[in-house]
Amino acid sequence: MTTNELHKFLEYLTQQNIVWAPKRVDGELVIEQVFDPKKVELTSELPLYSFKRILVPDKEVLFNYQNSQIKPEIKSPNQVIFGLTIPDLKAITFLNQVFAKDPYFQERLKKSLIIGHSLVPTENYQFFIEKFTEDILEHLKFDIFFAVRGKNYIVYSGSEDGQRVLDNFGYKNYEHVEYVGPIREQGPEAQMLKIREKFYENQQLWQDLGNRCIECGKCTLVCPTCFCFDIFDQPGLEVGCGKRCRAWTTCFYTDFSEVAGIEIDSQKPKFLSNTASRIRFWYEHKFVRCPDQFSLPGCVGCGRCTKVCPVGIDIKENLQKILKGKVK
Amino acid sequence: MLNPYLPKIAKIKKIKPESTDAKLFTLEFVNKSDRADFCFIHGQFLMMGLIGFGEAAFDICSSTVKLDTFELAVRKVGTLTEKLHQLKVDDLVTIRGPFGNGLDPKVYKGKDLLLIGGGCGFITMRSFVADYLANKLPVNKLDVFYGCLNEASLFFKDEYSRWQKKTSLSIALDKPSPKWQGVKGVVTNLFNDSQDFSNTIALIVGPPVMYRFVIDELKKRGMVDSNIYVSLERRMYCGVGVCQHCAIGPYYVCKDGPVFCWQQLKDIPNAI
């Protein structure tokens, strides 16, 4: 596909759907809804905010209630998420495992056309980032993928939806890749297994990070794989009416692990009682629980958390320290 | 696709005050098919909620074999439980679950089972006792240790005489009235040197501070880590191992627990 054809394809998509794509707002690349296809930037730069809120909204309704009548609200608009880099496609692939049995996420994914490209972020985060090769495509969730070759694109479809859209647009020269699941034939990532094995060795690391982290939770907001949530009821104006909602939280909030009980120093009992235990919990989720549960790291190496951290906590440095093991 | 967030509706059939700040609710699913589907293992829990006020986790404290109704004991400790205490017979609550892993009967089949409950943790033990009294618990012998603050906060006290016909129930009260004839102090005061735990499985449920002390006493009497089970409390929202609130190291209390073998947990920071 030529650049010209790609622009026409984007125009075609924006005519019929809500299209989300990377564009620049006040100098910062972000994924936003686009109305003018010319504003879309296909670049190796990672948008600061990922696609996350489109598939895992910051707040969503699980069901509406009226007294004891419960009506689930499972719905999604038809939408296109265009221009995702490989780390973000990996994040979608990961979230698809996490929310495999979640009807809300699955409905949204079904109604979303995921379109990726092969430009790899230039910043070298060393962990879990990889260059594009054709054989990784069968392990990524996408509908259409553009492999950049000079000024042209090699086009792949990754689903029947992707094929249908390309056919309807009138482009036939694409190759189909069948999604075979997130894990490669040679098994889970070696780096992930090494980090998992050594995770509990360096106890000093958590004390040090606990002294630096100010628990702002920015890392959890920009992380494309962070998905912790609260569930709460939001009463409506009429008697007995309301919504049960699910909304993002962060494990850095002090109430995250709070339980009922007798307050000590006007603090409710909690199991993650200090910053060190909470930041370890964040890493534990990504590098212990996710590998154990899904054989996947809960990190795609995008480095967004490092970029936004106001006190300069660098995930790459910390993973290196975990790998070094016990501090003598 | 099954929606794990949609609760079932249950009707309150009976409310019995249990202690100064606790009530026992007898519940029945409104839908016949929900009644027919309901089954659980000792130690599993339900998410009980009240429309408009959210949900929380409660251990089921009734029989696993007599399932037409089920029972949850609720201590008034927060907004939801306060609202639950205001409910009357025939009011409706929401139920999700049962969730998690209870204590698998294979673990204690043919052995002695020692249940050690502290405070609200004692609630869990009632479902074992109910089945034991009906000859439906495949154990050699059942012993129950209960550590509680005082007489007024004891759970299920009008059932003890019935229990004690078949089981031994030992109670220690931390701050009893002068009239109390039994053991004083914490639950570990119920241990003595004549106890033999060589063929015993223990389940401990109680406040975090209790576990270490009880485990020490059990190990002093020859019990190995792999025969010690603990049931843990955590903040929970989803109940299906996603929301992360109840995670401990590599585990989720809602999915891998709430009953864990101590062997699994002993090296994990912040577990107890």
Considering every residue within the range A:275-290, establish whether at least one is within 14 Å of another protein chain (Cβ to nearest Cβ), among the aliphatic types (A, V, I, L, M) and within 21 Å of the chain's Cα centre (by Cα). yes
Please find, among B:Val205, B:Val209, B:Val186, the residue that is within 29 Å of A:Ser257 (Cα to Cα) and free of Cβ contacts under 8 Å to residues at least 12 places away in the same chain. B:Val209
Residue within the range B:227-244 that is over 23 Å from B:Phe58 (Cα atoms) and either in a helix (DSSP H, G or I) or free of Cβ contacts under 8 Å to residues at least 60 places away in the same chain (or both) present: yes
Neighbours by Cβ (under 6 Å, 6+ apart or cross-chain): first from the range A:95-107, touching a residue at least 12 places away in the same chain (Cβ under 8 Å); second part of a loop (DSSP other than H, G, I, E, B): A:Asn96/A:Lys141; A:Pro103/A:Ile74; A:Pro103/B:Met1; A:Pro103/B:Asn3; A:Tyr104/A:Ile74; A:Phe105/A:Phe99; A:Glu107/A:Ile74; A:Glu107/A:Ser76
Let me confirm something: among B:Asp143, B:Asp131, B:Asp112, which residue is at pLDDT 95 or above, of a type in the set (D, E, K, R), more than 30 Å from A:Gln69 (Cβ to Cβ) and touching a His at 6+ places or on another chain (Cβ under 8 Å)? B:Asp131
Can you spot a residue in the range B:102-115 that is touching a helix residue (DSSP H, G or I) at 6+ places or on another chain (Cβ under 9 Å) and β-branched (Val, Ile, Thr)? yes
Here are B:Phe53, B:Phe40, B:Phe29, B:Phe25: which of them is within 14 Å of chain A (Cβ to nearest Cβ) and under 17 Å from B:Ala73 (Cα atoms)? B:Phe29
Could you list, in sequence order, the residues of the range A:21-64 that are more than 30 Å from A:Leu119 (Cβ to Cβ) and modelled with pLDDT under 95? none
Flagged in the range A:85-101 as of a type in the set (A, V, I, L, M) and at pLDDT 95 or above, in numbering order, are A:Leu89, A:Ala91, A:Ile92, A:Leu95, A:Val98, A:Ala100
Determine whether the range A:152-160 contains at least one residue that is part of a strand (DSSP E or B), surrounded by fewer than 18 Cβ atoms within 10 Å (Cβ to Cβ), under 25 Å from the mean Cα position of the chain (by Cα) and not basic (Lys, Arg). no
Select from the range A:179-209 the residues that are under 22 Å from the mean Cα position of the chain (by Cα) and among the hydrophobic types (A, V, I, L, M, F, W, C) and write down the one among them that is farthest from A:Ile144 (Cα to Cα). A:Ile195
In the range A:161-192, the residues that are among the polar types (S, T, N, Q) and either surrounded by 14 or more Cβ atoms within 10 Å (Cβ to Cβ) or assigned to a loop (DSSP other than H, G, I, E, B) (or both): A:Gln163, A:Asn173, A:Gln186, A:Gln191
Can you tell me which condition B:Asn270 does not meet? The list is (1) modelled with pLDDT under 95; (2) assigned to a strand (DSSP E or B), and all the others hold. (2)
Can you confirm whether the range B:229-239 contains a residue that is among the basic types (Lys, Arg) and over 30 Å from A:Thr225 (Cα atoms)? no
Among the listed residues B:Leu67, B:Leu103, which satisfies the condition of being farther than 20 Å from A:Ile70 by Cβ, aliphatic (A, V, I, L, M) and buried (at least 19 other Cβ atoms within 10 Å of the Cβ)? B:Leu103
Report, by residue number, each residue of the range B:229-272 that is in contact with a Cys (Cβ under 7 Å, 6 or more places away or on another chain) and more than 9 Å from chain A (Cβ to nearest Cβ). B:Tyr229, B:Met236, B:Gly239, B:Val253, B:Cys254
Test set (1) modelled with pLDDT of 95 or more; (2) of a type outside the set (D, E, K, R); (3) outside any helix (DSSP H, G or I); (4) closer than 30 Å to A:Phe252 by Cα - A:Ile195 fails condition number: (3)
Scanning for something surrounded by fewer than 17 Cβ atoms within 10 Å (Cβ to Cβ) and at pLDDT 90 or above, does the range A:271-283 turn up at least one residue? yes
Tally time: how many residues in the range A:242-266 are surrounded by fewer than 16 Cβ atoms within 10 Å (Cβ to Cβ) and free of Cβ contacts under 8 Å to residues at least 12 places away in the same chain? 5
Could you run through the range A:198-208 and say how many residues are within 20 Å of A:Phe128 (Cβ to Cβ) and in a helix (DSSP H, G or I)? 2
Could you tell me how many of the residues in the range A:248-274 are more than 10 Å from chain B (Cβ to nearest Cβ) and either touching a strand residue (DSSP E or B) at 6+ places or on another chain (Cβ under 8 Å) or assigned to a strand (DSSP E or B) (or both)? 4
When the range A:204-237 is checked residue by residue, the ones that are more than 30 Å from A:Leu29 (Cα to Cα) and either crowded, with 16+ Cβ neighbours inside 10 Å or free of Cβ contacts under 8 Å to residues at least 24 places away in the same chain (or both) are A:Leu205, A:Trp206, A:Asp208, A:Gly210, A:Ile231, A:Phe232, A:Asp233, A:Gln234, A:Pro235, A:Gly236, A:Leu237
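The values are calculated or read from the model by the stated rules, or taken from the named source; none is laboratory data. Note that this is a predicted model, so its numbers are computed, not measured. For neighbour counting, all protein chains shown are included, and Cβ atoms are generated from backbone atoms with ideal geometry for every residue, glycine included.
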